[in-house]
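The numbers here are math on the coordinates, done by the rules we state, and not lab data. Since we're looking at a predicted model, the values are computed, not measured. Counting neighbours? That spans all protein chains shown, and the Cβs are built from the backbone with ideal geometry, glycine included.
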Amino acid sequence: MVAGLNDTDYTLTSPLRDAEVNGGPVLALTVLWHPDAARIGEQYLDGSGDGVIELGRFMPMFSRPGKDRLPLGYGGISRQPLRIARTPDGGVEVTPPDSRMIFELDGEEVRTVQHLGPERVAEGTVLGLGRAVLLCLHWATSLPRHNPVAGLLGVGSAAIMMREQIRAAAQTNMPVLLLGETGSGKEVAARAIHAMGPRSGAPLVAVNMATLNESLAAVELFGAAKGAYTGAQTVRIGLFGEADGATLFLDEIGNTPAVVQPMLLRVLESGDYRPVGAPADRHSSARLIAATDQDLYGGSFNHALLRRLESYVIPMTPLRERREDIGVLIQHFLAEGGATAEEFPFALVSDCACYDWPGNVRQLAQVVRRALLSVRMGEVPLLTALTRSVPAPQGSAARLAASAAQHDEGGADGAAYSAGQARAGYGGAGQAGASTAGSGAPVPAEARRGRRTMPDHEEVLAAMDGNGWRILSAAQSLGISRPTMYKLLDEHPQIRRPERIAEEELRTALAACDGAVDRCAAQLRTPAEALRRYLGALGIS
C-alpha cells in the first residue's frame, strides 16, 4: 500500500482512491509551470494499473488536496496525446504526440520515442508542452497530503515525508540530528521542530559550531565562573544555561572541536555539565537539535556522541532529488519579491527545472531574486550567468554536486544528443543574451551569447576526454551551455554519434572494454549516455 493511503487526516481526493497500489512507487506528473499560475503544484498519480498515461489537453485530471480535479486545459497543448508507458526494466517509454506541438524532454526538443531508465525517472524528468506548460515525471511513494510545516515547501513525496518526520520529532524531547547538504533547509527544519513542539513558548538558542575555536568553545557552550580565565570579570551562563527549558540548535555539529565532544556527550546523557572554572556541576534540560552537511560516520567525530545525537535522524533531501517541487518554490520566491509567475520567462523556468542546484533551495532562492531584478530592468536573465554568480557551496555538498551533474547529463544530455536536437530560443546557441546578471553585475564574457570565442576542436575534445565523455560536465568546464556544446559536437570531425557507428564496431569495442560503456565511449569518441541509450535500443548489453 502506498504510504499514507489510510491517513484520513491528511489524505484527500486522489486518482488512486479506487486502486490498491502494492509494492514500489507509482508514476506521477506534477505541474511545474502553467499559464494559469494557480495550477502550479497540481499532481496526477497513475493508479490505472496498466502503467500507461495518455497526456494531452483534456487528460489526465490533475488536482491538489482539497481542490477539484481538472485537465491541463491550455490551448497550446495538443489534443493528440503524448504516451507514457512503463517498461519491463522499471523505466518508462515516452512517445511524443502526432502533432505540431513542440515537445521537450529535459529542455531539449524531441520528436522520436525516448526510453527513460528508472534512475532518470527517479531524478525527475521535465516534460515541456508547447513551450508554455512544464511537467515533472517522477516516482511517488506517498499520496498528496496537506501537512504544512512553516518554511518547508513542496508537493512531492520527499517533501511530504520530511514534514511528517518534523511533525513527529516536534512531539518528543529526543535529540534530533538533521543531515543534509548546504542550503537544503536544515535550519528551517530545526526552527519548525521547535515551533511545533511543547517548548515553542521558550526561545530557540542557536549557534554555528564552525565559528567556535577550540579555546572558546567550552566557554560558549557551558559558561564560565568569574575569574576562570583572563578577562572573565563576570559569570558567563553559556548556551546550555540559556537554553535550559528551551531548545538548543547546534548547527554544523561536524565542526565541533574534538576536546569539546566528550563534554557534549556528558550533557546529552545526564543533562549535567560543569562551567569552565566552576566548583560544581550545573544541570540543563535543553532539548538538543544538531545539523551537519558532513559525513560524521567516516571521520574522527566522537562515535559515542554520534550515537546519542542520532536518537532521531531526519535526512534533508537535496533539491535535485525532489525536482517536482521546483515550480512551487519559484512561485513562492517570486511572491516574496512582490512578483507574479507571469513576470518570469518560461524559458528560464525550464532551465531552472532542468538544473541540479548544488546549493539547493537557498541557491534557487538567490537565483530567482537576481533574475527578478534583471527582468524588471528590462534584461533577459540567463541561468548560466545567474548560477555562475552564485558560488557552489564548499564541503560535502560541493562534492555531491559533481556526482549530481553526472546524473543530470546521463539523462538529459544522452536523450538530447541521441535526438540530435539543440534547443532553439532561450539559452540556445545563437541567442543574444543579457549583458548583466540579475544582480546587476557584469556577466563574465564567457556567459554572453555570441560575445566569446567558441572553443576549438582540440578544446572540445580535451573537455570530453577530461569529463568522462559526459556532455554537461564538459560544457561546464568550457563555460558554455549544453545547446552550444551539442552544436560543437555535431560539427566536430572526430566525435561521432553512436547511431553512425557500425554495429560490429560497437560490439567489438564494448567487448574490448569488458562491457564498460564509459570506457567504450572514450575509445569510440562518442558521448557516453547517448552510446548507452543506443546500445539499449539495439539490445546490446
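Numbers at a glance
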{"read-out": "Ascending count of other beta-carbon atoms within 10 Å, so fewest first, for Thr526, Thr112", "value": "Thr112, Thr526"}
{"read-out": "At q = 0.20 Å⁻¹, base-10 log of I(q)/I(0) for segment 28-167 (Debye sum, equal scatterers on each alpha carbon)", "value": "-1.27"}
{"read-out": "Full-stretch length increase - Glu310, Phe58 - with 0.36 nm per residue and alpha-carbon distance subtracted", "value": "85.9 nm"}
{"read-out": "For peptides 126-132, 116-122, sequence by mean Cβ density within 10 Å, most packed first", "value": "126-132, 116-122"}
{"read-out": "Mean projected area in nm² (Cα convex hull; one quarter of hull surface) for segment 339-390", "value": "3.3 nm²"}
{"read-out": "Residue order, fewest to most beta carbons within 10 Å, for Lys226, Lys186, Lys67", "value": "Lys226, Lys67, Lys186"}
{"read-out": "Sequence-separation-based contact order of segment 175-310, relative, with Cα cut under 8 Å and 6+ spacing, percent", "value": "33 percent"}
{"read-out": "Extension gain, Gln523 back to Arg500 (0.36 nm per residue minus Cα-Cα distance, nm)", "value": "6.8 nm"}
{"read-out": "Kirkwood-type radius of segment 175-310, with distances r between different C-alpha atoms, in Å", "value": "15.2 Å"}
{"read-out": "Segment 291-354: radius of gyration and largest Cα-Cα distance (Dmax), Å", "value": "18.5, 53"}
{"read-out": "For segment 118-160 and segment 481-541, distance of Cα centres in Å", "value": "32 Å"}
{"read-out": "Kirkwood-based shape ratio for segment 95-197, expressed as Rg/Rh from alpha carbons", "value": "1.13"}
{"read-out": "Ranking of Glu324, Glu499, Glu458 by count of other Cβ atoms within 10 Å, fewest first", "value": "Glu458, Glu499, Glu324"}
